[in-house]
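Please read the structure below before turning to the comments.
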Amino acid sequence: MNTFADQLLVLVMLINFILLGSSRMTVSIRAVALQGVVLGLLPVLINNFSFHLLLISGGIILAKGVVIPWLLFGAMQRVQIKREVEPFIGYVPTLLLGAVTTALAFVFAARLPLAPEHQGLLIIPSSIATLITGFLVLTTRRKAISQVTGYLVLENGIFIFGLLLTEAMPMMVEAGALLDLIVGIFVMGIVINHISREFSSIDTTRLSALKE
Amino acid sequence: MLYGVVLTPLFGALLAWIIPSNRYRPLILPVFAIIHTVQTLLTFIYPPPPSPHGWIVLDPLGKVVLVSITLLFLACAIYAVGYLAFRQERSNRVLCMGLMVCLCAMTLVTVSHHLGLLWVALETTTLTMAPLIYFNHNARSIEATWKYMLICSVGIALALLGLFFLAYSTYVANHQATLLLDELLPAARQLSPAWFNAAFVFLLVGFGTKMGLAPLHTWKPDAYGEAPGLVGALLAGGLVSCAFLALLRVYQICIATGATGFYQQALITMGVVSMAFAAVFMVRQTDFKRMLAYSSVEHVGILTIGLGLGGGALFGALFHLLNNGLTKGVLFLSSGNIHRSYGSKNSEVVKGALQRIPWSGGLFLAGFIAITGSPPFSPFVSEFTIISSAFAQKHYLIGALFLLFLAIIFIGMATTVLAVVMGEAPQDLEETGYRDRFLTVAPPAALMGIILLLGLWMPLPLADLLHGAAALLEVKS
């Protein structure tokens, strides 16, 4: 593990805080895209160079840095929403929560029964911190697009953990997972568009007709 | 051969995309469904060799799920022709394509022995169903689709994390990470227990969300309630079986680790909680499609309890997988007809279905009798096997709770179903133009016939198949 890769992981954790603290959707979408690109660089950096890894990295950067932001910006423009308003928990409290959970992630990661060569790496704590950030965004935001960014951050957190296993994951499975992610975001984009047409808003708290 | 079974539906999807006529496009569905059933039968008669690295293998567990999917899909495909003839106002291109891709993905789930590939296929089934739930294009269905999409995506993402933990547990054990079932099983005893337990919890939550085990079932009533009948049938009979198969694969590894107590207890607890939730919400449920969703929660609970009990209950659980799939087909398809005929799915409006549409009303009633576990239908046999096994293993509390919840559910469901089918049809109903036709009645009737037949007589090849599949899940000590 080299220092450059470590710095990139720190950058990933900093991006988490941008996501927790920003109310503008363009910022959030760009931040998630940047996070995706940074993560895309990591497989090549931390493992020995191979063609297989280069393809994976290229695919991830293309998917998370270009295609998914493009889909999200498209959805955002169609529904004419620029800001998140009144999250269920305010920006400052979520930022604080994010800081606390990131700190706890480090404490927790130090206690895990990792393989000896993985002790003390930044991968595990950054993975946990990103996962929890994803959950925080997913649960505290009202707008459908913000929830999608939360889902993406969650997925990124899982992906970071997968870095420990890049050599074990076959190409086909990686490609399939990425394709599923893109199609998922594409479908979510369409659904968001229909929500805004049907409800004149993408506030998901209005989706409350179906209950017992 | 196996590749053929998996990939042929994709040609169907391509054709559905090309064909411009809204009227003739649905004919793709039965054609490819019949091809799929024939191919499935051929693979049973002439077992194909596994793929070179052991990724694609058709074992008895996969066969049980494959058989229930192909039969259910065939019924739904024929029904779709009749149903879509009533829905000519709306383009059915996305629906037909989605159904075909979903059939491909479901088949892939049944044959993959690589858990990563299985995950990709399972995620694909989730995605292809989203546009189908939204077929009706109204505010309620968009809400259901959004909830389904978000909850299931997060759930399946957690399952991916669980798979990573599983791979990591093999890495900690012998520095070679793998997700291939045939490599995992022999090495299971060396797996790092801490990571494997974490993997199990995440996989149970992830696949449990997809199956709709309580308390992770919250998307289910909405999605089942708003989706067209045939989509509901495939969700409740197809996707549930696929997700259960994923859980079975995980459980196979659990057994191979040698320490099964924790896993069995976790499964039984989830199952009992699911049945309890279903029992509570089933009572006084006026929306009969939502009622079916809670019935589905109940039956995934039964499946999980059967799996957790082990022993003789395994045979019951696997048989119940087949029975649940087929009976859900009857219920959703006939309830779709009733919904079409009345333009409502509320039991306060919908009354006297036996009078207004005797075939669909009768099938709905018969389906209800079957799904609640009454003889002579086959769910009775499978549920009875599970209960008797619970008592035989001296799990008296579980057996008693099981019976109690079954009784509550029977009463709760009966109130709604009897209100729908019995009585006088209201006079002030608007004309909806729906009449029972051969194409919309024959498929659920055929499924009902199979359930009745299986309840009275178990064909020997099926019994062998189920015993072979149950042997894979047997705890070896």
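The values are calculated or read from the model by the stated rules, or taken from the named source; none is laboratory data. Since we're looking at a predicted model, the values are computed, not measured. Note: ideal-geometry Cβ built from the backbone for every residue, glycine included; neighbour counts use all protein chains shown.
Summed over region A:1-21, the residues that are in contact (Cβ under 8 Å) with a residue 24 or more places away in the chain and farther than 20 Å from residue A:178 by Cβ give a count of 14.
Going through region A:178-209 one residue at a time, which ones are out of contact with any helix residue (DSSP H, G or I) (no Cβ under 6 Å at 6 or more places or on another chain) and not in a loop (DSSP other than H, G, I, E, B)? If you could, list the steps in order and put the result at the bottom.
Step one: of region A:178-209, the residues out of contact with any helix residue (DSSP H, G or I) (no Cβ under 6 Å at 6 or more places or on another chain) are A:179, A:181, A:190, A:197, A:200-201, A:203, A:205, A:208.
The answer is A:179, A:181, A:190, A:197, A:203, A:205.
Does at least one position in region A:199-211 carry a residue that is within 18 Å of residue B:162 (Cα to Cα) and facing chain B (nearest Cβ under 10 Å)? No, region A:199-211 contains no residue that is within 18 Å of residue B:162 (Cα to Cα) and facing chain B (nearest Cβ under 10 Å). Could you grab me the full set of residues in region B:346-371 that are in a loop (DSSP other than H, G, I, E, B) and crowded, with 23+ Cβ neighbours inside 10 Å? Within region B:346-371, B:350, B:357 meet the criteria.
With A:105, A:129, A:110, A:115 as the choices, which residue is within 10 Å of another protein chain (Cβ to nearest Cβ) and not hydroxyl-bearing (Ser, Thr, Tyr)? Outline the logic, then answer.
Numbers: A:105 fails: within 10 Å of another protein chain (Cβ to nearest Cβ); A:129 fails: within 10 Å of another protein chain (Cβ to nearest Cβ); A:110 fails: within 10 Å of another protein chain (Cβ to nearest Cβ).
That would be A:115, the only listed residue that is within 10 Å of another protein chain (Cβ to nearest Cβ) and not hydroxyl-bearing (Ser, Thr, Tyr).
One residue stands out in region B:202-219 among those that are part of a helix (DSSP H, G or I), in contact with a helix residue (DSSP H, G or I) (Cβ under 6 Å, 6 or more places away or on another chain) and not β-branched (Val, Ile, Thr): the one that is nearest to residue B:296 (Cα to Cα), namely B:211. Taking the listed residues B:209, B:145, the one that is hydroxyl-bearing (Ser, Thr, Tyr), more than 10 Å from chain A (Cβ to nearest Cβ) and under 19 Å from the mean Cα position of the chain (by Cα) is B:209, with no other qualifying. Before we move on, is residue B:85 more than 8 Å from every other protein chain (Cβ to nearest Cβ), surrounded by fewer than 21 Cβ atoms within 10 Å (Cβ to Cβ) and aliphatic (A, V, I, L, M)? When the stated conditions are applied, residue B:85 passes them.
Would you point out which residue out of A:35, A:77 is part of a helix (DSSP H, G or I) and either in contact with a Pro (Cβ under 9 Å, 6 or more places away or on another chain) or surrounded by fewer than 15 Cβ atoms within 10 Å (Cβ to Cβ) (or both)? Before you say what the answer is, go through the steps one by one.
Numbers: A:35 fails: either in contact with a Pro (Cβ under 9 Å, 6 or more places away or on another chain) or surrounded by fewer than 15 Cβ atoms within 10 Å (Cβ to Cβ) (or both).
Answer to the selection: A:77.
Which count do you get for residues in region A:1-32 that are in contact with an Asp or Glu (Cβ under 7 Å, 6 or more places away or on another chain) and assigned to a helix (DSSP H, G or I)? The number of residues fulfilling the criteria is 1.
When restricted to residues that are without any contact (Cβ under 8 Å) to a residue 24 or more places away in the chain and in a loop (DSSP other than H, G, I, E, B), region B:140-191 contains 4.
Here is a yes/no grid of residues against (1) farther than 21 Å from residue A:20 by Cα; (2) more than 7 Å from every other protein chain (Cβ to nearest Cβ); (3) crowded, with 22+ Cβ neighbours inside 10 Å:
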position	(1), (2), (3)
A:151	no, no, yes
A:155	no, no, yes
A:166	yes, yes, no
A:171	yes, yes, no
A:175	yes, yes, no
A:181	yes, yes, yes
A:184	yes, no, yes
A:187	yes, no, no
A:190	yes, yes, no
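Scanning region A:137-149 for residues being in a helix (DSSP H, G or I), in contact (Cβ under 8 Å) with a residue 40 or more places away in the chain and within 13 Å of chain B (Cβ to nearest Cβ) gives a total of 8.
For residue B:137, state whether it is modelled with pLDDT of 85 or more and within 10 Å of another protein chain (Cβ to nearest Cβ). When the stated conditions are applied, residue B:137 passes them.
Among the criteria (1) under 17 Å from residue B:216 (Cα atoms); (2) among the aliphatic types (A, V, I, L, M); (3) not in a helix (DSSP H, G or I), the one residue B:302 does not fulfil is (3).
Residues that are part of a helix (DSSP H, G or I), more than 20 Å from the chain's Cα centre (by Cα) and within 14 Å of chain A (Cβ to nearest Cβ): does region B:110-124 have at least one? Yes, there is a match, as at least one residue in region B:110-124 is part of a helix (DSSP H, G or I), more than 20 Å from the chain's Cα centre (by Cα) and within 14 Å of chain A (Cβ to nearest Cβ).
Residue check: residue B:201 meets all listed conditions (1) within 10 Å of chain A (Cβ to nearest Cβ); (2) surrounded by fewer than 24 Cβ atoms within 10 Å (Cβ to Cβ); (3) over 23 Å from residue B:66 (Cα atoms) but one, namely (1).
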